[in-house]
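The block underneath contains the structure these notes are about, expressed in structure tokens.
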Amino acid sequence: MSKKNVIILILILLLALTLGIIAGIFIFSNDSNPKEKQVKIYPLTLEEMYCNIKDSRRILKIKVTIETTNKETYEEMSQKQFLIRDEINKIVRNSTEEELEGKEGQVNLQNSIKKNLINLFNDENITNIYFDDFIIQ
């Protein structure tokens, strides 16, 4: 082989290697899994409430945050907080101390509130219920 052929061969190999590296960068920089769409969360925190407990002389002091993924739902709930508070009062007044005790009691109450609010607003965008305060006195 002449020097000219060797130089051409080296240039071709360098060009192929460079193209391979560039192709590898593009292939591996794009994830095969599409990135999940970030869901915007709208939390609505109600003022603290005092609720009577069924068949008890005790009361529940509670502060609730409701989470939704829809801005229109958030705005509607903000305007109708009185309905939400009334619904929570009804649920607690129909719950006994034993039903409200412990982690399981709180989780059941959260689920109950969530289910009732979904029915009340006819909206599945209500995603979670949080208790900022939960004190039985």
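The values are calculated or read from the model by the stated rules, or taken from the named source; none is laboratory data. From a predicted model like this one, the values you see are computed outputs, not experimental measurements. Ideal geometry is used to build each Cβ from the backbone, glycine not excepted, and the neighbour counts take in all protein chains shown.
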Quick one: how many residues across the stretch 117-133 are at positive phi and touching a helix residue (DSSP H, G or I) at 6+ places or on another chain (Cβ under 7 Å)? 0
Considering (1) modelled with pLDDT under 95; (2) touching a Leu at 6+ places or on another chain (Cβ under 6 Å), say which one residue 123 fails and leave the rest. (2)
Among the residues of the stretch 76-83, is any free of Cβ contacts under 8 Å to residues at least 12 places away in the same chain, surrounded by 13 or more Cβ atoms within 10 Å (Cβ to Cβ), in the same structural domain as residue 121 (by TED's automatic domain parsing) and farther than 21 Å from residue 112 by Cβ? no
Residue list for the stretch 53-67, restricted to those being farther than 13 Å from residue 113 by Cβ, in contact with a strand residue (DSSP E or B) (Cβ under 7 Å, 6 or more places away or on another chain) and either surrounded by 14 or more Cβ atoms within 10 Å (Cβ to Cβ) or not assigned by TED's automatic domain parsing to the domain that holds residue 121 (or both): 53, 59
Test result for residue 125, surrounded by 15 or more Cβ atoms within 10 Å (Cβ to Cβ) and out of contact with any strand residue (DSSP E or B) (no Cβ under 9 Å at 6 or more places or on another chain): no
Single unsatisfied condition, residue 93 versus (1) touching an Asp or Glu at 6+ places or on another chain (Cβ under 8 Å); (2) in contact (Cβ under 8 Å) with a residue 40 or more places away in the chain; (3) not hydrophobic (A, V, I, L, M, F, W, C): (1)
For residue 18, which of the numbered conditions (1) in contact (Cβ under 8 Å) with a residue 24 or more places away in the chain; (2) part of a helix (DSSP H, G or I); (3) hydroxyl-bearing (Ser, Thr, Tyr) fails to hold? (1)
